Every structure is written in C-alpha cells, then in structure tokens.
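S.K.: Let me give you the structure first, and then I'll get to my questions.
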Amino acid sequence: MTEKTEAQAEEIQTEEQTAARKPDGVLTRKFGAKTFIAEIFFNHGSKDTFQDKLLKAIRSEKTE
C-alpha cells in the first residue's frame, strides 16, 4: 500500500512540474477567422540540434 501511495505522489508531482513549465517558444498562425497558437517545448538535456528535431517532425508528418 505504501508503494501505491508513493507512486501516486510521484505522479502528481510530475504533473505539477510539467504544468508549471513555460514553453520554449510560441507560434501563432491565423487562418481566416481562426487563430491557432502552438506552444513549443524542447528537452534541454538532448544532444539533438534544432535541425535534427525539425527533420524528425517533418518525417513523422509525412508518414501519417
């Protein structure tokens, strides 16, 4: 029972930390009467460059 309580507390703490983080960038695009706002988050511990991340996003969009 203690293991479940610790796991739940850890999960709640992780959700709170994620919610409090500010985005690394914000993109805003207007299409007609609608405005789309996208918040961008990066893993700062990653060794990938921005170009690597962008190519990965483009490739994943092609396969969908």
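The values are calculated or read from the model by the stated rules, or taken from the named source; none is laboratory data. Every value quoted in this text rests on a predicted model; they were computed, and no experiment measured them. Only protein heavy atoms, including side chains, enter the accessible area calculation; ligands, DNA and RNA are left aside. Shrake-Rupley method; radii C 1.70, N 1.55, O 1.52, S 1.80 Å.
S.K.: So, taking all protein chains as they sit and a 1.4 Å probe, how much accessible area belongs to residue 59, in Å² rounded to tens?
M.R.: Near enough 150 Å² of accessible area.
S.K.: Any idea what the alpha-carbon Rg over 2.2 N^0.38 Å comes to for the range 20-64? List each step's numbers first, then the result.
M.R.: Working: Rg = 13.3 Å, N = 45, 2.2 N^0.38 = 9.3 Å.
Output field value: 1.42.
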